[in-house]
Every structure is written in C-alpha cells, then in structure tokens.
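The values are calculated or read from the model by the stated rules, or taken from the named source; none is laboratory data. Computed from a predicted model, the values in this text were never measured in an experiment. Don't worry about glycine lacking a Cβ; one is built from the backbone with ideal geometry, like all the others, and counts go over all protein chains shown.
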Amino acid sequence: MAYRAHKRSQGFSLVEMTVAMLVLIVGVLGGMVMVVLGMSRDNSNRVDTTATNVAQTVMEQIAGGPTNVNPVLTITDCVQTDPATSTLKINTAPGGAGLKTNGDVDFSANTAAALKATKYQMNYTVCGNNGLITVYDVRWNIQAVGTGGWGKLVTVSAREPMTAKPGGISYIPPATLRSIVSM
C-alpha cells in the first residue's frame with residue numbers, strides 16, 4: 001500500500017499540466033490587455049489635458065481684453081513664436097462657430113476655412129518631447145450678454161483631429177470651456 005501512495009505523488013498528469021498552462025495563458029493575456037488599455041488611457045489623458053490647456057490659452061486671451069470693444073488679438077504657439085508675424089488671430093466680436101443644443105461648439109457645422117477667414121478658428125500647435133508636434137483645432141463662439149452688451153459669453157473648444165472621430169476606440173471629445181467676460 002505504501003508503494004501505491006508513492007507512485008501517485010511522482011508528478012503531474014497531462015490533464016493537470018494542460019489546465020495549468022491554460023490558466024497561465026489566460027492570466028498573461030489578461031495582464032497584456034490591461035497594459036495596452038493603460039497605455040491607451042495615458043495617451044487619451046495627455047491629449048485631453050493638452051486640449052484643455054489650449055482652450056484655456058484662447059479663453060484667457062479673450063477674457064483679458066475689454067468687453068466693450070472687439071479687437072482681433074494675436075497669440076503665439078510653439079511654431080509661430082513671433083507675435084508680429086503670427087497668423088494665429090482671435091476675433092473677439094460676437095459670432096463664431098456654431099453651437100450644439102447643449103452649448104458645445106459644433107465641429108461639424110461651419111467649415112474650418114470659413115471660420116479661419118473670420119478668425120473664429122485656428123490650428124494651434126503644441127510641441128512636446130522628442131520632437132512630437134500635435135496640432136489642435138480650436139474654435140470659439142462669443143455671444144453678447146445683457147442689455148447694452150455689458151458682457152460676453154465665451155465658449156472655446158479644442159480637439160486633436162486625429163482622436164476626434166466618433167466610434168473609434170481612441171475617440172476623445174473636444175475640451176470645452178465657457179466663461180462670462182464682463183466690464
């Protein structure tokens with residue numbers, strides 16, 4: 001009887017090895033999927049944060065000007081660093097990009113060329129590490145507020161066009177900021 005107990009504990013059977021390998025493969029593949037998803041989320045967070053910063057830059061330029069006049073402002077990015085020659089213009093007069101019913105800028109309405117000509121759209125370039133250059137499509141809408149136009153409701157949206165296609169795994173909605181600027 002001692003002989004039989006010793007014979008059973010000599011090793012694993014083929015079925016046990018197959019089950020163990022299957023469990024190991026499922027675990028490793030699950031871990032790999034989590035790493036890939038984590039890398040994707042890291043990129044989407046970077047794009048979303050940068051889009052918010054770009055929208056904030058335009059919002060601050062508009063908010064920094066007086067509300068009772070409508071100057072065309074010039075800003076710079078990492079490519080156009082000289083304000084005297086920069087083509088990045090911001091129209092601060094009421095008007096601009098169309099808005100959706102929820103108040104967000106409608107990127108499907110109004111072609112970028114028409115908005116760029118009226119200075120309510122720009123392609124803002126952000127330079128990153130290792131020569132990475134990302135261009136953001138920035139659009140804004142300005143509405144007069146109050147009797148006599150004492151203020152402006154400013155809506156600014158920025159998005160990276162490569163991640164702005166709905167239905168894909170990398171879809172990132174535009175970053176939208178709203179503020180009331182007044183005297």
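Before moving on, here are some points about what is shown:
- Restricting segment 88-131 to residues that are without any contact (Cβ under 8 Å) to a residue 12 or more places away in the chain and part of a loop (DSSP other than H, G, I, E, B), the residue that is farthest from Thr155 (Cα to Cα): Gly128
- Long-range neighbours under 7 Å by Cβ, at least six apart or interchain, first residue touching a residue at least 24 places away in the same chain (Cβ under 8 Å) within segment 21-47, second among the hydrophobic types (A, V, I, L, M, F, W, C) and surrounded by 10 or more Cβ atoms within 10 Å (Cβ to Cβ): Ser44/Ile172; Val47/Ile172
- Scanning segment 65-94 for residues that are touching a Leu at 6+ places or on another chain (Cβ under 8 Å) and hydrophobic (A, V, I, L, M, F, W, C), we see that the one that is surrounded by the most Cβ atoms within 10 Å (Cβ to Cβ) is Ile90.
- Residues satisfying the stated conditions in segment 140-183, i.e. within 24 Å of the chain's Cα centre (by Cα), at pLDDT 80 or above and of a type in the set (Lys, Arg): Arg159, Arg178
- Some residue of segment 49-60 being in contact with a Cys (Cβ under 9 Å, 6 or more places away or on another chain), surrounded by fewer than 16 Cβ atoms within 10 Å (Cβ to Cβ) and not charged (D, E, K, R): no
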